[in-house]
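Below: one structure, written as structure tokens.
The values are calculated or read from the model by the stated rules, or taken from the named source; none is laboratory data. Worth saying up front: this structure is predicted, and the values here are computed from it rather than measured. Every residue, glycine among them, receives a Cβ derived from its backbone with ideal geometry; neighbour counts consider all protein chains shown.
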Amino acid sequence: MTGPDGPVGNGSEGVDVEHDMTVTEQLSSPATQDGALDARPGDDLDAHGAHVMLEREVALLLRRARAIQGRLAGELASGLDGAAYGLLVLLDDAGPLRASDVVARLGLDKSTVSRQVASLVDAGLVDRAADPDDGRAQVLSTSVEGHRRLSEIRDARRARWEADLQEWPTRDVATLAELLGRLNRLGEAREAQVQARTAAD
């Protein structure tokens, strides 16, 4: 998870986090005021209750993220799927990458990645070249235009986050980012285990 940029998806559910419930209403509630993380809602729950709460909130976050990614992909280029936006973010942050590395990092099947790569190449947002170390493989990177368009969108979203979370203490924002990072690392490790078992079969 990269800042407000959520998991890949097609955005077909039509839910937008900015309009599902006004940000002002969400962030001005008592649960998000100063000291919010000091009054931890999980303190009075058993382990099962805490995980039920976590599952519910993550499911809501993913539902909204899928819708937002679909809209952001449309801002990059007409007709792009939400999955293409996530792929471009990955290449911009970690590229150049082999196509096989993109498949592994996104946890998508090869045909889906190939389709999204083709749409990004056609839109002029991704460059594709032969791997100098392996002529059978391809190396993908964000094009100059792709980086420019993506940077504009990400800068605008970061500014929106800063405005929406202006009532949050900086410590709370940093803690949220750290915890989400830990959750993402856990997911990546689990995905790597699944891929290793699949390859061994």
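Take Ala174 and decide whether it is out of contact with any Asp or Glu (no Cβ under 7 Å at 6 or more places or on another chain) and either over 26 Å from Leu108 (Cα atoms) or outside any helix (DSSP H, G or I) (or both). Outline the logic, then answer.
Working: out of contact with any Asp or Glu (no Cβ under 7 Å at 6 or more places or on another chain): yes; either over 26 Å from Leu108 (Cα atoms) or outside any helix (DSSP H, G or I) (or both): yes.
Judged against the criteria, Ala174 is a match.
Could you tell me whether any residue of the range 127-138 is surrounded by 10 or more Cβ atoms within 10 Å (Cβ to Cβ), within 22 Å of Leu72 (Cβ to Cβ) and hydrophobic (A, V, I, L, M, F, W, C)? Looking for residues that are surrounded by 10 or more Cβ atoms within 10 Å (Cβ to Cβ), within 22 Å of Leu72 (Cβ to Cβ) and hydrophobic (A, V, I, L, M, F, W, C), one finds none in the range 127-138, hence no.
Identify, from the list Glu167, Glu145, Glu191, the residue that is assigned to a helix (DSSP H, G or I), of a type in the set (Asp, Glu), touching a residue at least 60 places away in the same chain (Cβ under 8 Å) and out of contact with any strand residue (DSSP E or B) (no Cβ under 8 Å at 6 or more places or on another chain). Please lay out each step first, then the result.
Working: Glu167 fails: assigned to a helix (DSSP H, G or I); Glu145 fails: touching a residue at least 60 places away in the same chain (Cβ under 8 Å).
Result: Glu191 is the single residue among Glu167, Glu145, Glu191 that is assigned to a helix (DSSP H, G or I), of a type in the set (Asp, Glu), touching a residue at least 60 places away in the same chain (Cβ under 8 Å) and out of contact with any strand residue (DSSP E or B) (no Cβ under 8 Å at 6 or more places or on another chain).
In the range 42-111, counting only helices (runs of 4 or more DSSP H) that sit wholly within it, the ones holding 3 or more residues that are of a type in the set (D, E, K, R) and modelled with pLDDT of 90 or more span 47-76.
Taking the criterion of being touching an Asp or Glu at 6+ places or on another chain (Cβ under 9 Å) and either assigned to a strand (DSSP E or B) or on the phi > 0 side of the Ramachandran plot (or both), would at least one residue in the range 112-123 satisfy it? Looking through the range 112-123, none of the residues is touching an Asp or Glu at 6+ places or on another chain (Cβ under 9 Å) and either assigned to a strand (DSSP E or B) or on the phi > 0 side of the Ramachandran plot (or both).
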